[in-house]
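One structure is given below, encoded as structure tokens.
The values are calculated or read from the model by the stated rules, or taken from the named source; none is laboratory data. Bear in mind the structure is a predicted one, so any value in this text is a computation, not a measurement. So basically every Cβ, Gly included, is an ideal-geometry build from the backbone, and we count neighbours across all protein chains shown.
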Amino acid sequence: MATAQAGGCPFRPFSKTYLADPYPTLNTLREQGPVFFDDELGVYVVTRHAEVEAVFHDHETFSAANAQDPIVPLGAQALELLADAGFRRLKTMSNADGEFHSRIRRHNQVGFSPRRLRSMEPIVRSSATELIDAMFTRASRPDGVDGAVRADLVAALSYPLPAGIIFALLGFDPEDTELLKSWAGNRMLFSWGRPTDDEQAEIAGDMLRYWDYCEAHTARRLAAPADDFTSDLVRIHLEDPEAIAPAEISHVIYGFSFAGHETTTNLISNTVRRLLETPGAWSELVADRSLIPAAVDEGLRHDSSVLVWRRRAAVATEIGGVAIPAGAAVVLLLGAANHDPRVFADPDRFDLHRTDAHRHLSFGWGKHYCLGAPLAKLEVAVVLETLLDRAPGLRLAPGPQLAFHPNVSFRGPRELWVEWDGDGRA
Ligand code: HEM
């Protein structure tokens with residue numbers, strides 16, 4: 001059996017070059033081999049579509065238990081803070097295996113039933129319209145640019161929209177949105193970044209406050225169920241206390257309120273960016289709205305907001321002919337798999353007419369397949385529809401290079417400046 005060699009190209013996922021554009025590195029790593037061992041993170045890294053998909057499918061050999069662990073181990077200060085507060089890293093769903101996972105997921109599906117999704121659509125539509133209208137009203141007119149008006153699409157739209165939607169789904173009080181967002185903001189740095197000890201301690205404190213909030217919210221819904229996802233779970237508990245415990249409900253909503261937030265913010269920003277920078281793509285959508293679902297799938301494939309996911313080898317095994325010891329952490333390079341020329345023709349090209357973009361692995365695959373995928377896709381589609389109506393002449397504003405969040409997996413620009421002429425109808 002082969003050994004896992006990194007070959008000539010190092011991974012270095014925290015380097016400036018990688019963060020600015022990971023795809024040249026991901027492409028090189030994938031073509032060097034299906035698996036390599038990364039000394040810096042101490043993980044086996046899987047690069048090709050077939051092997052990543054096979055790992056996702058084989059949930060007996062590959063446990064999901066490490067899916068939420070910080071990729072860089074926590075320092076003593078943060079660990080102590082969490083331990084003192086009695087914070088237990090319990091299973092939510094994405095980091096659970098076996099019967100526990102199946103039970104929790106079965107009940108969670110009520111939150112994504114066609115009925116609940118239908119009830120969310122008008123909320124998504126009115127939030128998108130409200131935010132886009134506000135973006136147009138508040139946009140700035142920079143000096144020296146003829147008639148052009150500018151706004152940061154991240155701050156105005158792709159950041160607030162998914163947070164508002166997931167919080168509404170869970171039944172959080174809209175008045176708490178800013179507070180919740182400030183607690184949630186650094187979670188991706190915690191799980192996928194390299195925060196300093198002080199940053200870790202600060203984020204751990206926010207996580208504890210967030211945790212208390214979720215427990216209090218569950219308790220309120222237990223006392224008086226309403227019409228939201230938390231209450232759906234509470235009703236299941238009230239009918240059959242064995243089905244799901246209140247502590248498990250708190251865990252689920254704690255997990256969901258993160259899962260449905262930065263992932264979708266970045267997906268909206270990445271997709272709009274690619275549509276605006278690819279010659280002809282935006283005007284094709286203006287002319288033919290039936291291409292919107294294809295745009296959403298190609299956004300997910302070409303520039304996924306989740307570049308990396310994790311598993312742990314439950315037993316000694318092999319991937320792509322490379323030996324993997326029992327207990328080894330395995331990193332799946334979804335971004336490299338989504339650009340694998342063994343599956344996608346001319347993979348680095350953003351192409352609205354690709355018929356197989358849906359074969360991307362950005363939502364994972366198998367029994368942990370992203371439960372929020374239909375909602376996330378709905379949000380991007382509604383944003384595109386609304387922007388196309390309101391600003392068919394939208395374009396990227398000239399300016400400095402995009403800057404990305406400093407973490408290994410959750411990829412999206414911190415700011416995305418767009419511009420349009422006058423009233424938005426160029
Ligand atoms: C409304 C937004 C979203 C919600 C509510 C959501 C929720 C979830 C949940 C609950 C899981 C765990 C499922 C399980 O373990 O059975 C999950 C898994 C996952 N989600 Fe999402 N998600 C959202 C958006 C996204 C987006 C935009 C992406 C990436 C583009 C994404 C990527 C993933 C991945 C990679 C997994 C792991 C799949 C696996 O382990 O096989 N999610 N999501």
Self-check item: Residues of the stretch 67-90 satisfying the condition of being within 16 Å of the ligand (Cβ to nearest atom) and crowded, with 18+ Cβ neighbours inside 10 Å
Solution: Ala67, Gln68, Ile71
Exercise. Among the residues of the stretch 249-299, count how many are within 14 Å of the chain's Cα centre (by Cα), small (Gly, Ala, Ser) and at pLDDT 95 or above.
Key: 2
Exercise. May I ask you to say which residue of Ser283, Ser304, Ser290 is polar (S, T, N, Q) and either within 14 Å of the ligand (Cβ to nearest atom) or closer than 29 Å to Val43 by Cβ (or both)?
Key: Ser304
Quiz item: So, of the residues in the stretch 104-113 that are touching a helix residue (DSSP H, G or I) at 6+ places or on another chain (Cβ under 9 Å) and of a type outside the set (Ser, Thr, Tyr), which turns out to be farthest from Ala243 (Cα to Cα)?
Solution: Phe112
Quiz item: Just for the stretch 238-275: of the residues that are assigned to a loop (DSSP other than H, G, I, E, B) and in contact (Cβ under 8 Å) with a residue 24 or more places away in the chain, which one is nearest to the ligand (Cβ to nearest atom)?
Solution: Gly260
Quiz item: How about the stretch 360-378: which of its residues are more than 6 Å from the ligand (Cβ to nearest atom) and either over 15 Å from Leu332 (Cα atoms) or acidic (Asp, Glu) (or both)?
Solution: Lys367, Ala373, Pro374, Lys377, Leu378
Quiz item: Just one of Arg209, Arg221, Arg235 is basic (Lys, Arg), farther than 23 Å from Trp309 by Cβ and without any contact (Cβ under 8 Å) to a residue 12 or more places away in the chain; which is it?
Solution: Arg235
Self-check item: Condition met for Ser127 (closer than 25 Å to Ile268 by Cα, surrounded by 15 or more Cβ atoms within 10 Å (Cβ to Cβ) and near the ligand (Cβ under 10 Å from one of its atoms))
Solution: no
Quiz prompt | Number of positions in the stretch 394-426 that are at pLDDT 90 or above and surrounded by fewer than 16 Cβ atoms within 10 Å (Cβ to Cβ) | solution = 4
